[in-house]
Amino acid sequence: MTRRLGGATLVAVMAVGAWLQAAAPSGRSAVADAAMRRDIETVRTLLRQGVDVNGAQGDGMTALHWAATHGDAALTEVLLYGGANVKATSRLGRYTPLHVASQNGAAPVVAALVARGAEVNATTSTGATALMFAAQAGHVPTVTALLEAKADVNAVEQANGQTALMFAATADRADVASLLLARGAKANVTSKVVDLAALTSNDGEGRAPEPQTGGQNQARPAAPRPAARPNDVAGATRPYRYNELIGAQGGLSALHFAARQGAFAAARAIVEHGGNVNLPSPGDGTSPLLIATLNGHFDLAKYLIEHGADVNLASKAGATPLYAVLNVQWAPKAAYPQPRAYLQQRTAYLELMTLLLDKGADPNARLTRKVWYSGYNFDQSGVDEIGATAFWRAAYASDVAAMRLLVARGADPLIPSVRPAERTRGLDGVGELRDVSALPPVPVGGPGIPVLHAVAGVGYGKGFAGNSHVFAPAGMMPAVKYLVEEIGVDVNERDYEGNTVVHHAASRGDLEMIKYLVSKGAVVTHVNRAGQTTIDLANGPVQRVQPFPETIAYLASLGAKNNHKCVSC
């Protein structure tokens, strides 16, 4: 026999019945195979020959599944007339034909399946319903047909605890969202919360449990959760593990989902139908306004503010919308792509900051812990921004315009970050650091990094902050001059590690900045707690950061000591 290359029909030398008897096991799915090709004539022929209309392919797809996939109402009717099982489920995912038809927005097929007894609230293996798929597809006639068939508008799927309204919100299906809300969808329920802080592995490093090999894919038992510690700024006994920084995730309402995705039309529909613009996530306390802002959806953030969003609602990490504006505008280069939506907004970041301040945003609100999403799980900054204010974040980005705006609205430009609990390594990268200075100790929770240090290049001397740090195009010097000449900061102030601003400038080889600081009274001979001179910071203190000979020579000419401890040489 031969097979036409177009795949529409089979041309057999022998009778079709005889071919079916001699066929391999795939012949049991002959009707499904023909339906997959949308070959309705072959389907009719096979059914007249008595071939099983419900014969499934290897993944459990029946002919009716394929008719639903194609949205082919005529083929669906032929199969239903031939006795197709409307409740058949696929082997992978447990999808019924109704799930598939709904996913593809095939309203006539949905209507036909429901009329023949399809279970409208049947769930997939993850608990998803046909209404959820139709809501995500955004097909109003399909959603309407399911609702008319008594689909549960508030059903919750098992994997993430999401409702059909959340599916619609995420995909910005405003018409569907409005329809669901009009039919009783609850706007302010939230999705499942997952406590990542509890997923501390046995090795104590805070990684989520990894699957075991051997086919069962069972996770290792989690180690006991660490005992409670003093909260963040008040002081902590050890560094946060990465999963503890995240804390709990999830707990998003439909409005949170819309805000996260920048789904403006869906967000507006939800707000107009009573969605709570000030609902904090039970996961980490994030509000719809905050999640819109930290994802760069400034236009949507502006809309939420204009519709009653509280501009001072902070996450459990202390992040406010005002801080989030700057954090996304100057987001570091990270291991994963940072949000870029702010580049396509009508609302500029300074405009949004101004609106937040006009509505009473506190310019001196402080982070209570490092925000995990700054660098995701490969942070190269060497900086823990715990205790930082919006002004500190603007300074770290050398953003003079934002700093001026914040000061004009009451920001205290002298608030530093706070000292975190951290595992500090010695100069050789191993062992604990010994404080060899005579400087008074700074307790955990005490002053950390002053704003001038944030501008000058904090973190560069520890490694690879230069690979990730993003700051204003004008560079760091304008911000340094603003802080020194207009704010009057002390050019010899130390950070909690004993570094001066000259130390940080030296770690970048910034000779211009060092000369400017010296002209303003900076002392270049100070030594930090690790015993490093300013020259040591300019002399390759870590691997893969090369020395800056001109900077070294200038500092030496002013009396700085060269300990000749180049690590990268």
Quiz item: Do we have ALA421 as under 29 Å from the mean Cα position of the chain (by Cα) and modelled with pLDDT under 90 here?
Solution: yes
Quiz item: Yes or no: GLY55 assigned to a loop (DSSP other than H, G, I, E, B), over 37 Å from the mean Cα position of the chain (by Cα) and at positive phi?
Solution: no
Quiz item: Is there a residue being in contact with a Lys or Arg (Cβ under 6 Å, 6 or more places away or on another chain), within 25 Å of MET513 (Cβ to Cβ) and assigned to a loop (DSSP other than H, G, I, E, B) anywhere in segment 461-469?
Solution: yes
Self-check item: Matching option when the condition is of a type outside the set (S, T, N, Q) and surrounded by 19 or more Cβ atoms within 10 Å (Cβ to Cβ), among ALA317, ALA335, ALA265, ALA348
Solution: ALA317
Practice problem: Considering only residues that are hydrophobic (A, V, I, L, M, F, W, C) and over 10 Å from ASP399 (Cβ atoms), look in segment 469-483 and name the one that is surrounded by the fewest Cβ atoms within 10 Å (Cβ to Cβ). | Solution: VAL470
Practice problem: Given the conditions (1) within 24 Å of GLY251 (Cβ to Cβ); (2) of a type in the set (Lys, Arg); (3) more than 18 Å from the chain's Cα centre (by Cα), report the number of the one that LYS316 does not fulfil. | Solution: (3)
Practice problem: From the list LEU511, LEU517, pick out the single residue that is of a type in the set (A, V, I, L, M, F, W, C) and surrounded by fewer than 20 Cβ atoms within 10 Å (Cβ to Cβ). | Solution: LEU511
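Looking only at segment 543-557, count every residue that is in contact with a helix residue (DSSP H, G or I) (Cβ under 7 Å, 6 or more places away or on another chain), surrounded by 15 or more Cβ atoms within 10 Å (Cβ to Cβ) and either more than 24 Å from GLY382 (Cα to Cα) or modelled with pLDDT under 95 (or both) and tell me the total. Even if it seems obvious, please write down each step before you answer.
Looking only at segment 543-557, we keep the residues that are in contact with a helix residue (DSSP H, G or I) (Cβ under 7 Å, 6 or more places away or on another chain), and these are 547-548, 550-552, 554-556.
Those left that are additionally surrounded by 15 or more Cβ atoms within 10 Å (Cβ to Cβ): 547-548, 551-552, 554-556.
Adding the requirement that they be either more than 24 Å from GLY382 (Cα to Cα) or modelled with pLDDT under 95 (or both) leaves 554-556.
Total satisfying the criteria: 3.
Restricting the search to segment 541-569, which residues are under 18 Å from VAL458 (Cβ atoms), part of a loop (DSSP other than H, G, I, E, B) and not aliphatic (A, V, I, L, M)?
Let us first name the residues in segment 541-569 that are under 18 Å from VAL458 (Cβ atoms), namely 541-542, 545, 548, 551.
Right, trim to part of a loop (DSSP other than H, G, I, E, B) and you get 541-542, 545, 548.
Answer for segment 541-569, where residues must be under 18 Å from VAL458 (Cβ atoms), part of a loop (DSSP other than H, G, I, E, B) and not aliphatic (A, V, I, L, M): PRO541, PHE548.
Just a yes or no: is a residue in segment 191-199 in a loop (DSSP other than H, G, I, E, B), more than 24 Å from ASN276 (Cα to Cα) and at pLDDT below 95?
Taking every residue of segment 191-199 in turn, at least one turns out to be in a loop (DSSP other than H, G, I, E, B), more than 24 Å from ASN276 (Cα to Cα) and at pLDDT below 95.
Could you list all residues from segment 385-409 that are out of contact with any Ser or Thr (no Cβ under 7 Å at 6 or more places or on another chain) and in a loop (DSSP other than H, G, I, E, B)? Spell out the reasoning first.
So the first thing to find is which residues in segment 385-409 are out of contact with any Ser or Thr (no Cβ under 7 Å at 6 or more places or on another chain), and the list is 389-391, 393-404, 406-409.
THR389, ALA397, SER398, ASP399, ARG409 - these are the residues of segment 385-409 that are out of contact with any Ser or Thr (no Cβ under 7 Å at 6 or more places or on another chain) and in a loop (DSSP other than H, G, I, E, B).
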Practice problem: Just need a number here: residues in segment 476-524 that are in contact with a helix residue (DSSP H, G or I) (Cβ under 6 Å, 6 or more places away or on another chain) and hydroxyl-bearing (Ser, Thr, Tyr). | Solution: 2
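Report yes if VAL442 is closer than 16 Å to ASN499 by Cβ, at pLDDT below 95 and of a type in the set (A, V, I, L, M), otherwise no.
Values: closer than 16 Å to ASN499 by Cβ: yes; at pLDDT below 95: yes; of a type in the set (A, V, I, L, M): yes.
Yes; evaluated as a whole, the condition is true for this residue.
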Quiz item: Which condition does GLY375 not pass, out of (1) farther than 24 Å from GLY247 by Cβ; (2) surrounded by fewer than 24 Cβ atoms within 10 Å (Cβ to Cβ), if it passes all the others?
Solution: (1)
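Looking at this structure, is LEU350 at pLDDT 95 or above and more than 20 Å from the chain's Cα centre (by Cα)? Before you say what the answer is, go through the steps one by one.
Numbers: at pLDDT 95 or above: yes; more than 20 Å from the chain's Cα centre (by Cα): yes.
So LEU350 passes the test.
The values are calculated or read from the model by the stated rules, or taken from the named source; none is laboratory data. Fair warning: this is a prediction, and the values are worked out from it, not measured in the lab. Cβ: placed from backbone, ideal geometry, glycine included. Neighbour counts: every protein chain shown.
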